[in-house]
Amino acid sequence: RLAGKQALCTLLNRRDVPECFPRYALLPDAHGRPRPLLPNGQEHGPRLSLSHSRDYAAALATHDDPCGIDIQHVTPRLLNVRRYFATDREVRLLKESIPDPLLGLGLLWAAKEAAKKAYLADQPSFFGAIQLHSIEPLDCRAPLWIAQCAVWETTRVLVRLTTFSDHCLACITEESHA
């Protein structure tokens, strides 16, 4: 929640961070997504997405939808649950750009979680609704990728991906963000 408040303060150009933290309440909406309650009581302000994994937390704040962020700790357990979130076609696509199969699965999991938060927050089951169509490195000198996914085969989504430590980070936004 602190990361969410930091992102809100940054998005709203507040210079008094963290003194501005008490001004914002982060409350769950009907689907559990965090929604900021602004000091004037306005509930339809910026959009917010939160994620955490092990010792890390991340937040993404935008003025408009979509908004989705996810952190995934990369562990061998991903190989055991692969059949629940990755199709054979997606695994083949990942191998073309990412030689490490475990890293590829971590990036795919994070991308699908971010897409779920941005587009399918009201859906209890979502992995089958989100399909990876491509993943390309953005810079051969840095661990950065751009993935294109489809949600329900109709909505095209661009997901920005990176890695740090033993984690993957995925983010979806179309407008200015923090």
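The values are calculated or read from the model by the stated rules, or taken from the named source; none is laboratory data. This one's a predicted model, so the numbers in the text were calculated from it and none came from an experiment. Cβ placement follows ideal geometry from the backbone for every residue including glycine, while neighbour counts extend to all protein chains displayed. Ligands, DNA and RNA are stripped out before the accessible areas are found, and what is left, the full protein with its side chains, is counted by its heavy atoms. Shrake-Rupley method; radii C 1.70, N 1.55, O 1.52, S 1.80 Å.
Observations, loosely collected:
- Nearest 10 degrees, 0 to 90: helix 101-119 Cα axis against the chain principal axis: 40 degrees
- For the stretch 14-56: rounded, prolate or oblate by the Cα gyration tensor [a/c cutoff 1.5]: oblate
- For Val74, the residues 5 or more places off, or on other chains, whose built amide H falls under 5 Å of its own are His167, Cys168.
- Put the Cα centre of the stretch 120-162 next to the Cα centre of the stretch 25-40 and the gap is 26 Å.
- For peptides 88-96, 6-14, sequence by mean Cβ density within 10 Å, most packed first: 6-14, 88-96
- The stretch 1-139, accessible surface, carbon-and-sulfur percent (1.4 angstrom probe): 50 percent
- For Lys116, the aspartates and glutamates whose Cα falls under 13 Å of its own Cα, not counting residues fewer than eight places away in the same chain, are Asp65, Asp70.
- The stretch 1-150: relative contact order as a whole-number percent, Cα under 8 Å and 6+ apart: 16 percent
- FRET efficiency, 1/(1 + (r/R0)^6) with R0 25 Å, evaluated for Val91 and Thr155 via beta carbons: 0.65
- In this simple spin-label approximation, Ile146 and Arg35 carry label points 7 Å from Cα along the Cα→Cβ vector, and these lie 3.3 nm apart.
- Packing order of peptides 16-25, 117-126, 62-71, highest average first: 62-71, 117-126, 16-25 (average count of other Cβ atoms within 10 Å over each peptide's residues).
- Summing charges over all other residues whose Cβ lies under 9 Å from the Cβ of Leu26, with Lys and Arg as +1 and Asp and Glu as -1, gives +3.
- Computed from label points 7 Å out along Cα-Cβ, the spacing between Arg1 and Ala121 is 1.7 nm.
- In terms of its alpha-carbon gyration tensor, the chain comes out prolate; a/c meets the 1.5 threshold, and the first ratio a/b outweighs b/c.
- Degrees separating the helix 88-97 axis from the principal Cα axis of the chain, which is the longest one: 80 degrees
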